[in-house]
Amino acid sequence: MSKDLDRVRDQWETLAKSDPFWAVLTETEYHDGQARKDFFDSGRTDVRRLLEVLDRHGKSYGDVAVDFGCGVGRLTYALAEQCKHVTGVDVSRSMIEQAQAGNPFPDRVAFVHNEAATLPFDDDSVDLVISVITLQHIRPALSLRYLLEMARITKPGGHLVFQLPSHVPATRPMPPSLSKAQLHVLEAPTSLEVGESGYVRVGVKNISHGEWLPGQLLNAGNHWRLHGAMFVQDDGREPVRCPLRPGESTEVLIRVMAPSEPGSYELEVDLVQETVAWWAERDSATARVPVEVRAKAPVTAAPVDEAPAAPVVAKTTGDELEMNGVRKDLVYALFEQIGCTVLEATPDERAGGHWLSYVYAIEVGEYRIDINHGI
Ligand SMILES: C[S@@+](CC[C@H](N)C(=O)[O-])C[C@H]1O[C@@H](n2cnc3c(N)ncnc32)[C@H](O)[C@@H]1O
């Protein structure tokens, strides 16, 4: 197995062991397997949106489908409501075990653990391959290989529908008149140990008179202030989901890390257009909450009744998953080169505010390269 694949597998396995549902969708309500119904309902919505692309082109889905990077089966189960046989494939054994454990259609839906850069299916054996929020964490050389594999296993006339980011566009400064936000800290830890991570949930409202468009590198980020003075300028950063029209609101979950020295701090949240400006510099109001940063507790723990109040601290996720893209032009060229037709590339928001990302619908043609025998 390649180093890239090793890394991806280990990261996902760690995430899957700690909180598999939340690893798939990082909305807070899905922590620890909560809101299971909503979680799987979101899979139905996603599958409907993916298949709508084929509907628009008058294409059928066929009987046999594969869900690449299936996680706990969120889309796989939903796809089984549309196709007779569905196989979910995932690099993480724990994800596959979870998906198998909850499988509502054991006679028609199978799950396969696959650690290879190839897909474990015969040539021309499936009608449809889908993949969502999976290729974006795989490095391009490996993603391209998987795309070729998807084409190899799909019958001529069958389809691939997958989401893949293209690139982060160059930023154009947003005019200062648009840099007006109302920020509310909705949830934050009141106390953290030095260097400890926690999560801050922030409500962001566009109170300017113009729309915040996607692709402008607009993030919510935090500073740490001590006695009013800036102590840590750059800490957590998360994209603000755009577009956001005047008066519209969204929420951002920022992972923060307590400063290295104990003290009574203020955690300050602001918006920043990367490489352009923090919005406080443009007179947009920030939001601040007090956070007590404690010295590290000695290894021999204090008695329970003397322990400080439990902080609102979310789980840490280990190494952050890196984001990757393959330029849209290259995706088109790749499929054209192997005799497939790109039916459509629809802009998609799943990769977050910075990225131009697309859902591609591909019709597989007669001619394919057998990459497993070398190209
Ligand atoms: C964010 S989850 C998405 C799961 C599912 N597609 C969904 O939308 O519910 C990404 C999944 O892709 C899997 N994955 C990542 N790299 C993979 C690879 N090379 N082969 C198969 N699965 C992979 C991960 O283990 C993880 O379960």
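The values are calculated or read from the model by the stated rules, or taken from the named source; none is laboratory data. In this text the structure is predicted, and so the values were computed from the model without any measurement. Note: ideal-geometry Cβ built from the backbone for every residue, glycine included; neighbour counts use all protein chains shown.
What to note about this one:
- Candidates are the residues of region 195-216 that are surrounded by fewer than 20 Cβ atoms within 10 Å (Cβ to Cβ) and of a type in the set (A, V, I, L, M); the one that is modelled with the lowest pLDDT is Leu213.
- Asp370 falls short of the stated requirement of being of a type in the set (Asp, Glu), surrounded by 14 or more Cβ atoms within 10 Å (Cβ to Cβ) and modelled with pLDDT under 95.
- Contacts under 6 angstrom Cβ, first residue in region 48-61 being in the same structural domain as Asp127 (by TED's automatic domain parsing), partner assigned to a loop (DSSP other than H, G, I, E, B) and surrounded by 13 or more Cβ atoms within 10 Å (Cβ to Cβ), 6 or more apart: Tyr61/Gln82; Tyr61/Cys83
- Residue satisfying all of: in region 115-132; crowded, with 20+ Cβ neighbours inside 10 Å and of a type outside the set (Ser, Thr, Tyr); nearest to the ligand (Cβ to nearest atom) among these: Val132
- Going through (1) of a type outside the set (Ser, Thr, Tyr); (2) away from the ligand (no atom under 16 Å from the Cβ); (3) under 19 Å from the mean Cα position of the chain (by Cα) one by one, Glu196 falls short only on (3).
- Residue within region 165-178 that is at pLDDT 95 or above, under 30 Å from Glu366 (Cβ atoms) and crowded, with 18+ Cβ neighbours inside 10 Å present: yes
- Flag if Glu13 is within 9 Å of the ligand (Cβ to nearest atom) and over 23 Å from Asp348 (Cβ atoms): yes
- Every residue from region 253-288 that is farther than 27 Å from Pro169 by Cα and surrounded by fewer than 16 Cβ atoms within 10 Å (Cβ to Cβ): Ser260, Glu261, Pro262, Ser264, Ala285
- Region 54-78, subset at positive phi and within 16 Å of the ligand (Cβ to nearest atom), residue surrounded by the most Cβ atoms within 10 Å (Cβ to Cβ): Gly73
- Residues of region 79-91 that are buried (at least 20 other Cβ atoms within 10 Å of the Cβ), farther than 11 Å from Phe111 by Cβ and in contact with an Asp or Glu (Cβ under 9 Å, 6 or more places away or on another chain): Leu79, Cys83, Val91.
- Ser94 meets the conditions (1) modelled with pLDDT under 95; (2) within 12 Å of the ligand (Cβ to nearest atom); (3) small (Gly, Ala, Ser) in every case but one. The failed one is (1).
- Members of region 207-237 that are of a type in the set (Gly, Ala, Ser), outside any loop (DSSP other than H, G, I, E, B) and farther than 16 Å from Ser284 by Cβ: Ala229
- Checking each residue in region 176-206 for being closer than 23 Å to Pro262 by Cα and either assigned to a strand (DSSP E or B) or outside the structural domain of Glu248 (by TED's automatic domain parsing) (or both) picks out Val185, Glu187, Ser191, Leu192, Glu193, Ser197, Gly198, Tyr199, Val200, Arg201.
- Pairs with Cβ under 7 Å, 6+ apart, first in region 143-162 and touching a residue at least 12 places away in the same chain (Cβ under 8 Å), second within 12 Å of the ligand (Cβ to nearest atom) and in a helix (DSSP H, G or I): Ser143/Leu135; Tyr146/Leu135; Leu160/Met150; Val161/Leu50; Phe162/Leu135
- Against the test of being buried (at least 21 other Cβ atoms within 10 Å of the Cβ) and in a strand (DSSP E or B), the options Val161, Val112 yield a single qualifying residue, Val161.
- Flag if Val47 is crowded, with 23+ Cβ neighbours inside 10 Å, of a type in the set (Val, Ile, Thr) and not in a helix (DSSP H, G or I): no
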